[in-house]
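Reviewing the structure listed below.
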Amino acid sequence: MISPNSKAITTPNKKPIPGSERNDTPLVEEKRSVAGVARELGISANLLHRWKRELCELGKQAFPGKGHLPADQEELRRLRQQLRDVTEERDILKKAIAVFTPKRPHGTGL
């Protein structure tokens with residue numbers, strides 16, 4: 001893994017990988033192969049490549065952790081909750097209308 005005093009890991013085109021200087025980010029060091037690190041972690045090399053790509057593309061948003069969604073996912077979660085709430089309110093109002101609406105006897109013509 002990376003020591004706290006290490007420099008940022010770079011990609012093959014020498015661009016630094018955001019967050020790679022942090023000790024808690026499991027990334028491939030310059031002199032270690034992806035396959036070797038993947039074997040050490042017990043994961044597939046493809047998965048490690050995907051994590052590395054996501055970190056390069058998304059930076060700090062790549063691995064938000066439990067309960068910390070990216071902005072678009074958080075908005076989607078909020079809108080789904082709002083839809084559930086409004087649907088529940090509508091159903092309650094339908095039942096209230098049915099309870100409080102006077103029953104008309106059959107044959108009144110209305």
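Within segment 68-110, being touching a helix residue (DSSP H, G or I) at 6+ places or on another chain (Cβ under 9 Å) and not in a helix (DSSP H, G or I) holds for H68, L69, P70.
For (1) in contact with a Leu (Cβ under 8 Å, 6 or more places away or on another chain); (2) surrounded by 11 or more Cβ atoms within 10 Å (Cβ to Cβ); (3) at pLDDT below 80, each residue gets a yes or a no:
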| site | (1), (2), (3) |
| --- | --- |
| N5 | no, no, yes |
| T11 | no, yes, yes |
| T25 | yes, yes, yes |
| R32 | no, yes, yes |
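Pairs are defined by a Cβ separation below 8 Å, a sequence spacing of at least 6 or placement on different chains, a first member in segment 34-51 that is in a loop (DSSP other than H, G, I, E, B), and a second member that is among the small types (G, A, S); the pairs so defined are S44/A38. Based on this model, can you work out whether L69 counts as at pLDDT below 85, closer than 30 Å to V34 by Cβ, touching a Gly at 6+ places or on another chain (Cβ under 7 Å) and of a type outside the set (K, R)? No: the conditions fail for L69.
The values are calculated or read from the model by the stated rules, or taken from the named source; none is laboratory data. Computed from a predicted structure; not experimentally measured. As a convention, Cβ positions derive from the backbone with ideal geometry for all residues, glycine included, and neighbour counts pool all protein chains shown.
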